[in-house]
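Enquirer: Please find one structure pasted underneath; my questions will follow.
No lab work stands behind these numbers, since they all come straight from the coordinates. Here the structure is a predicted model, which is why all the values come from computation and not from measurement. Reconstructed Cβ throughout: ideal geometry from the backbone, glycine too, with neighbour counts over all protein chains shown.
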Amino acid sequence: MDNIKNIIYIILGVFFGILIYINKYIRQSYSFEEYSSINTGKYTEKGYPIDDDASKDIEKIIIIYATGRSGSTTLQRIINSIKNSNITGEKWGAINDLLNCYLNIKRTNEMTPKKEGSKMFLTSDELEKAKIKPAWYNSYNFKIVKKNIKNTIISILTDNKPEKILGFKELIRISDCVKFEPKLIKAFKELFPNTKFILHIDDNLDRQSRSAWWQGNVEKSKEYLRKTNIDLINYSKKDKDCYLSYMKNLFKIDEVKKLFEFLDETFDEEEYNHIIKNNYAD
């Protein structure tokens, strides 16, 4: 009798084990189908889901690079008067870090050994067989990494609101190593070709360098600002997607209209006057 009971228990154990396995298999199948082109329009490459490009509905990105206490917040508010725009504030160079990451991955992609006539990386076994030193062996997908960096930047600029124009301002700082680097402008345009840059300065260095924001040696701050202004002025002459903006011109309506012409956006004079009359300490 005990033997029969044991056999029954074994049969039931196997039966329930099979049910658990089937349930797990079904759940995994549905999980995979979440990423299949049949259900969501997404596709996979080598088994990794490639999400939709988060920037596909964005018409334009506007970036303000400015020196501290140059009226950059006022400029940010003026640009935010554009309909369907969301120009956010400073980020301690976080997006610059992502751009440097993109450039480093791009360089790594160029250095990684590839199959002849292909962009596919050689596997570790293929490197071993070909007796190639694996110093630059990698196994990531550049397209996926690039798209993820783009999507991360967009996620920093908006939380899925319906704005068509996104952007941010970033200050060029001495102590925090947030420098003006032309290579980052070029990298951003590689990721987002429809981007406009406003390089914003104050040519009144005496006033600017004595601001509490530039704590420390006034003469050192003034010299740093002078060099930074020269760099921004010179670069603005080389890049058609860059506009040189001055603090003093923020209060000249004709000059602001020129800026909006550069951005190819409609200027709202009433909103502009409201911003200037209700200006914050910058």
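Enquirer: List, in order, the whole-Hz ³J(HN,Hα) value for each residue of segment 141-152 obtained from phi through the Karplus relation with A = 6.51, B = -1.76, C = 1.60 and θ = phi - 60°; use x for Gly and Pro.
Expert: After applying 6.51 cos²θ - 1.76 cosθ + 1.60, I find 9, 4, 4, 5, 4, 4, 5, 5, 5, 4, 5, 5 Hz.
Enquirer: Under 5 Å between amide hydrogens, which residues at least 5 positions from residue 167 or on another chain qualify, with H placed 1.01 Å from N in the peptide plane?
Expert: 62, 86, 88
Enquirer: Highest mean first, how do 130-136, 94-100 rank when packing is the count of other Cβ atoms within 10 Å averaged over residues?
Expert: Result, highest mean first: 94-100, 130-136.
Enquirer: On to the next question. Magnitude of the Cβ-charge dipole of segment 50-277, K/R +1 and D/E -1, about the Cα centre, nearest 20 debye? Write down the numbers at each step before the final one.
Expert: Working: 41 positive and 35 negative charges, 151 e Å.
For segment 50-277, the charge dipole is close to 720 debye.
Enquirer: Another question, if that's okay. What does the net charge come to around residue 182 if you take all other residues with beta carbon closer than 15 Å to its beta carbon, with K and R at +1 and D and E at -1? Mind dumping the intermediate values first?
Expert: Details: positive: 179, 183, 186, 189, 227, 237, 238, 240; negative: 170, 181, 190, 231, 239, 241.
For residues surrounding residue 182, the net value is +2.
Enquirer: What is the extension gain from residue 251 to residue 156, computed as 0.36 nm multiplied by their sequence separation minus the C-alpha to C-alpha distance, in nm to one decimal?
Expert: 31.2 nm
Enquirer: Do any of 150/179; 119/150; 91/238; 169/227; 60/237 go past 23 Å between their Cα atoms, and which? Let's see the in-between values first.
Expert: On the way: 150/179 21 Å; 119/150 21 Å; 91/238 26 Å; 169/227 20 Å; 60/237 21 Å.
In this structure, 91/238 lie more than 23 Å apart at Cα.
Enquirer: In whole Hz, what ³J(HN,Hα) sequence does segment 78-92 give by Karplus (6.51, -1.76, 1.60; θ = phi - 60°), x for Gly and Pro?
Expert: So the J values, rounded to whole Hz, are 5, 5, 5, 6, 5, 4, 6, 10, 8, 9, 8, x, 6, 9, 6.
Enquirer: Mind listing the phi-derived Karplus ³J(HN,Hα) values for segment 56-66, rounded to whole Hz, using 6.51, -1.76 and 1.60 with θ = phi - 60°, and x for any glycine or proline?
Expert: Computed from phi, the couplings for segment 56-66 are 5, 9, 8, 7, 7, 10, 10, 10, 10, 9, 9 Hz.
Enquirer: Going by Cα centres, segment 215-257 and segment 112-188 are how many Å apart?
Expert: Here the two parts' Cα centres lie 30 Å apart.
Enquirer: Quick one: net charge of residue 246's neighbours, Cβ under 11 Å, K/R +1, D/E -1?
Expert: -1
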